[in-house]
Amino acid sequence: MTAVVTSLFHPNLANTVYEEIQSRGAIYHYFVGQVLAWSDEASPPLPTGIPSYENSVRNNIVQSKQIQINDVAFVIPRINWEVNEVYDMFDDTYTQTNLSSTGATSLQDARIYVLTEDFNVYKCIYNNNGAASTVEPSGTSSNYLETADGYVWKFMAFIPLGLRNKFLTTGFIPITKTVKNRYYSEGTITSYNILDGGQDYDPNETYALVTGDGSGPYAKRLSTVVTYDIEYKDGTNVNGFGKKFYINNEITPQLYLTEGNTYRFEQSHLSNAGTTLKFSTVSDGTWHGGTEYTTGVTYVGTPGTSGAYTEITVEEGAPDLFYFSEDDEYAGEEAYTITNAGIDGAANIELVIENGVITGLVILDGGFGYDTATLNVSKDIGDPGTGASITLNLSEGDLDTQQANVELLATDGEISYIVIENGGTGYTNAIITIDGDGSGANFTPVINQAGIITGVNVVNQGSGYSYANITITGDGRDATARAIMAPSGGHGSNAPDELFADTLCFYSNFENEAIQNLTVNNEFRQIGIIKNLTEFGSIHNRFNIELGSACYAITGTFSGNNYPEDSNITTSGGGKSLRVVTSNDNSMLLQSLDGSIPSVGDVFYSAGELNPFTISTVTDPTINKFSGNMLYVDNKQAFTPSGEQSVVFRTFIKY
């Protein structure tokens with residue numbers, strides 16, 4: 001079979017995973033586990049990929065921590081600029097028979113970039129025919145930079161402090177693309193963190209409001225038809241006592257009506273007899289010269305009889321409204337009209353609600369121009385949902401950065417350089433002719449005293465070329481040359497792609513974070529990464545909260561000293577067996593190793609069936625540790641996160 005995997009295959013695999021995390025198409029978690037000591041603590045065993053080993057790893061999971069959007073980055077091998085080192089020029093013709101200056105057999109293996117002391121990354125466009133570099137490149141111009149040693153460089157990226165702290169190591173450099181979309185990623189909502197999904201939310205009654213300083217401050221609700229039950233009866237609000245509209249049993253609440261949605265106000269209840277809920281653009285309706293708002297409004301039936309209702313479909317651009325009664329001046333309240341999502345530049349975000357829990361957001365359009373953005377989960381009248389807490393992440397892109405300028409000003413279809421393959425003889429003058437499908441390229445030859453063409457001067461790299469054939473004419477003979485085409489988009493347009501970033505670095509730090517409200521000081525010896533963990537007791541609902549527990553938390557009346565860490569507690573005869581992760585007086589965190597499930601009223605014993613106690617309460621795990629795709633396992637020497645010291649993990653996965 002004759003086939004080839006191209007140089008971009010592996011970077012594209014890495015990019016697929018990266019974008020999956022950025023868009024929350026999948027949720028990745030680190031996990032820690034293995035509280036029992038290795039047989040040789042100084043030399044942990046090598047993990048294996050067999051199913052039985054994976055099952056053992058899952059059994060020993062204690063805690064998970066979500067990998068956030070800013071916890072993953074493309075990385076490339078670190079190549080520091082050093083004086084008198086040779087670096088390879090960008091040339092896509094390197095093979096086993098056409099080696100680079102440093103002996104590389106392919107462009108992706110060549111030393112075509114450097115990291116300087118200023119944390120700038122430069123790509124080598126020309127290396128002065130393989131000479132040693134003696135002048136460190138500097139500056140962030142979008143133009144090509146020629147140094148006194150004859151090298152030509154292109155500024156590609158600056159590594160900011162935040163990326164350096166997380167991802168820069170002695171072996172790797174983080175590399176990003178600053179400009180990601182037509183709004184140049186300047187203040188775009190790119191992802192979210194669900195700190196708490198809450199409970200009891202009704203997808204027909206729950207929506208999100210995005211507040212901030214960018215364009216598109218509102219988000220889209222999933223429901224497009226909302227029904228309210230109306231009663232009209234005596235009550236007291238800010239305007240005093242009198243007849244008031246009660247909406248879903250709440251007196252004159254403020255409403256939020258989303259453009260494009262339809263709202264039905266059911267007035268079948270007998271108390272509505274004689275009054276109709278109507279709308280106006282002023283607070284007192286038609287009482288003092290105001291007018292009734294009728295756009296999109298329909299009245300059906302007679303209030304107080306079966307099937308009667310007022311219905312409004314809120315048109316795009318509708319003003320803020322007030323609902324009122326012609327029977328009592330102060331019976332109503334304001335109904336804010338909310339800009340619906342989907343218009344150009346607006347944040348278009350949908351809530352995903354499963355079994356009353358907010359499990360995700362769908363970001364259809366992240367807007368732009370935000371320095372800060374806050375997502376508020378709001379409810380219509382009668383929605384009992386509570387507890388949700390969601391934060392929004394903004395893109396790192398910034399038009400003010402030099403890297404963004406380079407990306408925006410990169411020239412697609414330029415000729416990177418012209419290489420003289422044969423300098424010929426007898427030249428005193430010569431012309432380089434470029435035959436291709438672009439325009440503007442202009443290179444002039446450099447001729448030495450012996451009449452040999454030794455190089456070129458770059459006047460203009462041109463643009464729009466997909467190919468270029470080079471011809472040299474003059475008063476000499478035999479000189480030949482070839483064009484090196486810049487990558488798609490031009491040099492500097494996409495640093496991760498151009499520098500063959502096929503490795504992702506995942507980052508996390510575990511502190512002494514409480515698990516099920518219990519502080520754990522135990523040792524861990526295993527970490528790993530799982531994709532798409534699900535909630536405990538579910539095989540479908542993805543777990544989308546920052547911290548997860550694979551343990552049961554129990555309470556009872558007992559002394560924690562009787563149940564030391566890593567020991568087992570059992571019911572009589574060993575019917576149920578669980579491992580102690582941590583134990584305090586009257587509370588304990590337990591691992592289930594054989595499927596045992598503790599229950600209220602169970603009597604457990606320490607070793608030898610001593611120290612019996614009865615379980616008073618049980619809190620289930622929050623994650624299903626046997627769910628998701630286990631992608632990575634690392635066995636380590638014992639470590640203990642503490643209040644004084646966090647444990648940092650960096651995992652490098654090459655695709």
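For segment 416-550, what is Rg from Cα atoms divided by 2.2 N^0.38 Å, rounded to two decimals? Before the final figure, lay out each step's value.
Details: Rg = 29.7 Å, N = 135, 2.2 N^0.38 = 14.2 Å.
Its radius of gyration relative to the 2.2 N^0.38 Å reference: 2.09.
State log₁₀ I(q)/I(0) for segment 225-338 at q = 0.14, 0.15 Å⁻¹ as given by the Debye formula over alpha-carbon point scatterers of equal weight, solvent excluded.
Results for segment 225-338 at q = 0.14, 0.15 Å⁻¹ read -0.49, -0.57.
For the pair Asp327 and Ser138, how long in nm is the line joining their label points, each one 7 Å along Cα→Cβ?
Those two pseudo-labels are separated by 8.2 nm.
Let me know the charge dipole size of segment 552-620 about its Cα centre in debye, to the nearest 20, where only the beta-carbon of Lys, Arg (+1) and Asp, Glu (-1) is charged.
Numbers: 2 positive and 7 negative charges, 14 e Å.
Around 60 debye, computed over segment 552-620.
Taking amide H positions as placed 1.01 Å from N in the peptide plane, with prolines and chain starts having none, which residues 5 or more places from Ile515, or on another chain, fall under 5 Å of its amide H?
Long-range HN contacts for Ile515: Val520.
To the nearest 0.05, how large is the calculated FRET efficiency for Ser599 and Phe639 if R₀ is 35 Å and r is the Cβ-Cβ distance? Don't skip to the answer; put the middle values down first.
Details: r = 33 Å, r/R0 = 0.95.
Between Ser599 and Phe639 the formula returns 0.55.
Nearest 20 debye, what's the magnitude of the dipole of segment 439-584 about its Cα centre given +1 on Lys and Arg Cβ and -1 on Asp and Glu Cβ? The partial results should precede the final answer.
Values: 7 positive and 12 negative charges, 62 e Å.
So the dipole magnitude of segment 439-584 works out to roughly 300 debye.
Using amide H atoms built 1.01 Å from N in the peptide plane, name the residues 5+ places from Ser416, or on other chains, whose amide H lies under 5 Å from its own.
Those qualifying (amide H under 5 Å, at least 5 residues apart or on another chain) are Ile484, Met485, Ala486.
Under Stokes-Einstein, with the Kirkwood radius over Cα pairs standing in for Rh, what whole-number D in µm²/s applies to the chain at 37 °C and 0.692 mPa s?
Numbers: Rh = 30.2 Å.
It comes out at roughly 109 µm²/s.
Provide the gained length on full extension for the span Val86 to Ala3, in nm with one decimal, where the gain is 0.36 nm per separating residue minus the Cα-Cα distance. Kindly include the intermediate steps, with their values, before the conclusion.
On the way: separation 83, 0.36 × 83 = 29.88 nm, distance 3.31 nm.
Length gained between Val86 and Ala3: 26.6 nm.
Among the lysines, which have Cα under 25 Å from the Cα of Lys576 when same-chain residues fewer than 8 positions away are ignored?
Lys625
At 25 °C and a viscosity of 0.890 mPa s, what translational diffusion coefficient does Stokes-Einstein give for segment 413-485, taking Rh as the Kirkwood radius over Cα pairs? Give it in µm²/s as a whole number.
Working: Rh = 12.0 Å.
In µm²/s, the coefficient rounds to 204.
Under a Cβ-Cβ cut-off of 13 Å, what is the net charge of the residues other than Lys625 that fall near it, where Lys and Arg count +1 and Asp and Glu count -1? Mind showing how you got there, number by number?
On the way: positive: Arg58; negative: Glu54, Glu535, Asp620.
Summing Lys/Arg as +1 and Asp/Glu as -1 gives -2.
Compute the relative contact order of segment 450-608 as a whole-number percentage, counting only Cα pairs closer than 8 Å that sit 6 or more residues apart in sequence.
On the way: 170 pairs, mean separation 23.3, N = 159.
Here the relative contact order equals 15 percent.
Can you give the extra length, in nm with one decimal, that the chain gains between Ala148 and Asp109 once fully stretched, where that is 0.36 nm per residue apart less the Cα-Cα distance? Mind dumping the intermediate values first?
Numbers: separation 39, 0.36 × 39 = 14.04 nm, distance 2.64 nm.
Net length gain for the segment: 11.4 nm.
Can you compute the helix-only [θ] at 222 nm over the chain? Use -39500 (n - 2.57) per DSSP H run of at least 4 residues, normalise by all residues, nearest 500 deg cm²/dmol.
Numbers: 5 runs with 42 residues, N = 655.
Mean residue ellipticity, 222 nm, calculated: -2000 deg cm²/dmol.
In segment 101-119, which residues have a backbone nitrogen under 19 Å from the label point lying 7 Å from Tyr467's Cα in the Cα-to-Cβ direction?
none
I'd like the FRET efficiency for Thr97 and Ala131, computed as 1/(1 + (r/R0)^6) with the beta carbon distance as r and R0 of 30 Å, rounded to 0.05. Kindly include the intermediate steps, with their values, before the conclusion.
Numbers: r = 23 Å, r/R0 = 0.76.
Between Thr97 and Ala131 the formula returns 0.85.
Could you work out how far apart the two model spin labels at Thr372 and Thr295 are, taking each label as a point 7 Å from the Cα in the direction of the beta carbon, and quote it in nm?
It is 3.3 nm.
Residues in segment 548-578 near a label at Ser616, defined as backbone nitrogen under 11 Å from the 7 Å Cα→Cβ point?
Residues passing the 11 Å test: 555-558.
How many percent of all Cα-Cα pairs in segment 52-142 sit more than 14 Å apart?
On the way: 2982 of 4095 pairs.
Cα-Cα pairs of segment 52-142 separated by over 14 Å account for 73 percent.
Give the distance, in whole Å, between the Cα centre of segment 420-442 and the Cα centre of segment 81-160.
First find each Cα centre; the distance between them is then 24 Å.
Relative to the present Cα-Cα distance, how much length would full extension add between Asp437 and Ile653 at 0.36 nm per residue of separation?
Additional length available on full extension: 73.8 nm.
So which aspartates and glutamates can Lys244 reach, going by Cα to Cα under 17 Å and dropping same-chain residues fewer than 8 places off?
Lys244 reaches Asp229, Glu231, Asp234, Glu266, Asp284, Glu326, Asp327, Asp328, Glu329, Glu333, Glu334.
Put a dot 7 Å past each Cα toward the Cβ at Tyr53 and Asp284; how far apart are the dots in nm?
8.0
Just so you know, all these numbers are worked out from the coordinates, no wet-lab data involved. Source: prediction; values computed, not measured. Positions of Cβ are generated from backbone atoms using ideal geometry, with glycine treated the same way; all protein chains shown enter the neighbour counts.
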